[in-house]
Amino acid sequence: MIKDSAIETLKIEAASVTRLIERIDGEFEAAVKCILDCHARVVVTGMGKSGHIGRKIAASLASTGTPAFFMHPAEAFHGDLGMVTADDVVIAISNSGESTEIVNILPIIKRIGAKIIAMSGRRESSLGRNADFFVDIGVEREACPLGLAPTASTTATLAMGDAITVALLEARNFTKQDFALFHPGGSLGRKLLLTVENVMHSGEDNPIIHSGHTAQEALFMMTDKGLGATSVVNGNGEFIGLVTDGDIRRGLAKGSQFLNEAVENMMTKNPQTITREKLAAEALSIMEKHKPRPITVLPVIDEDNKPVGIVHLTDLLRQGVV
């Protein structure tokens with residue numbers, strides 16, 4: 001019984017969404033173009049379950065390049081209509097098209113001068129008749145066996161809202177970089193906005209040693225900075241190589257006298273490097289793809305080939321770049 005009920009619910013809701021395809025017509029395109037032409041905001045409003053869906057639609061629009069916010073219709077009638085301007089577009093959601101709170105604010109919105117896009121299941125309703133554009137979200141029946149709880153209708157509304165959002169996104173040529181700009185706290189934002197300069201160790205925390213210094217001094221430097229590597233520079237302060245703790249361990253395997261050798265004799269010449277303005281994600285890619293094995297540190301050099309920092313794999317992990 002439980003399984004059958006759940007399956008039937010999903011079938012009804014899936015069918016309701018599929019039937020929306022035939023509603024993507026000239027009127028739908030006109031509504032989307034109206035939003036594209038709007039240089040102000042999109043105000044989404046709806047009561048009850050439609051309001052919950054409206055909040056999601058507004059959030060999706062705002063995060064994909066269309067300035068939008070949700071306005072509660074009951075609060076709108078008591079002052080929040082002051083948030084609406086003549087240059088805005090209002091998306092009013094009501095499956096029946098007769099929600100009292102929505103119908104009550106329609107005359108005021110018209111007086112303000114904002115365009116109205118109705119998302120409703122009834123074109124002949126009060127909302128449908130008073131809107132400038134009509135987007136049909138009607139369903140044949142709700143998944144609720146009583147025909148009372150909004151189920152298929154809210155799913156259809158949500159799907160149509162996504163259709164509007166994606167149509168706008170593509171029309172605006174919205175990119176991953178744009179998305180990251182509005183989602184700086186998300187993993188994509190970190191990957192597309194975080195630069196090497198944001199994560200590198202610089203200044204006093206950047207290990208640098210002169211090429212004439214010994215392996216022992218390099219070991220002390222790496223121990224002090226705790227990064228497992230140090231950049232090597234020549235007399236002009238230019239980057240010429242990298243010494244890692246692995247180099248030191250391999251040298252010590254030959255005898256302790258190794259500690260007195262100059263670092264220029266053991267350093268890796270022409271190692272992988274990166275510049276500070278590059279994305280942190282690019283630094284991670286270089287480290288992961290290094291052959292014959294991945295590396296854990298990456299020197300950062302400037303335009304004069306001087307080491308200005310060093311990136312460690314743990315810093316990228318800590319910042320969520322991975």
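The values are calculated or read from the model by the stated rules, or taken from the named source; none is laboratory data. On a predicted model such as this, the values are computed, not experimentally measured, just so you know. Methodologically, a virtual Cβ is constructed for each residue, glycine included, from the backbone with ideal geometry; neighbour enumeration extends over all protein chains shown. What goes into the accessible areas is simple: the full protein's heavy atoms, side chains included, and nothing from ligands, DNA or RNA. Shrake-Rupley method; radii C 1.70, N 1.55, O 1.52, S 1.80 Å.
Identify all residues within segment 64-85 that are open to solvent by 60 Å² or more (accessible area, probe 1.4 Å), over 22 Å from H39 (Cα atoms) and not in a loop (DSSP other than H, G, I, E, B); write none if there are none.
Within segment 64-85, E75 is the sole residue that qualifies.
Could you tell me whether segment 257-275 includes any residue that is touching a Pro at 6+ places or on another chain (Cβ under 9 Å), without any contact (Cβ under 8 Å) to a residue 60 or more places away in the chain and open to solvent by less than 80 Å² (accessible area, probe 1.4 Å)?
Yes, segment 257-275 contains a residue that is touching a Pro at 6+ places or on another chain (Cβ under 9 Å), without any contact (Cβ under 8 Å) to a residue 60 or more places away in the chain and open to solvent by less than 80 Å² (accessible area, probe 1.4 Å).
Scan segment 86-130 for residues that are acidic (D, E), part of a loop (DSSP other than H, G, I, E, B) and farther than 20 Å from R41 by Cα and jot them down.
Correct list: E98, E124.
Scan segment 1-58 residue by residue and report those that are open to solvent by 50 Å² or more (accessible area, probe 1.4 Å), within 19 Å of G138 (Cβ to Cβ), of a type in the set (D, E) and part of a helix (DSSP H, G or I).
E22, E27, E29
What is the one condition in (1) in contact with a Phe, Trp or Tyr (Cβ under 8 Å, 6 or more places away or on another chain); (2) closer than 30 Å to Q177 by Cα that E27 does not satisfy?
It is condition (2) that E27 fails.
So the check is Cβ under 7 Å with 6+ separation or different chains; which pairs have a first residue in segment 223-244 that's of a type in the set (G, A, S) and a second one that's surrounded by 18 or more Cβ atoms within 10 Å (Cβ to Cβ) and part of a helix (DSSP H, G or I)?
Correct list of pairs: G228/M222; A229/M222.
Can you tell me which condition L298 does not meet? The list is (1) surrounded by fewer than 16 Cβ atoms within 10 Å (Cβ to Cβ); (2) assigned to a strand (DSSP E or B), and all the others hold.
Condition not satisfied by L298: (1).
Restricting to segment 277-295, count the residues that are under 24 Å from the mean Cα position of the chain (by Cα) and outside any helix (DSSP H, G or I).
Residues that pass the stated criteria total 3.
So the check is Cβ under 8 Å with 6+ separation or different chains; which pairs have a first residue in segment 87-113 that's without any contact (Cβ under 8 Å) to a residue 40 or more places away in the chain and among the polar types (S, T, N, Q) and a second one that's part of a helix (DSSP H, G or I) and open to solvent by less than 60 Å² (accessible area, probe 1.4 Å)?
Taking only residues 6 or more apart or on different chains, the pairs are N104/P73.
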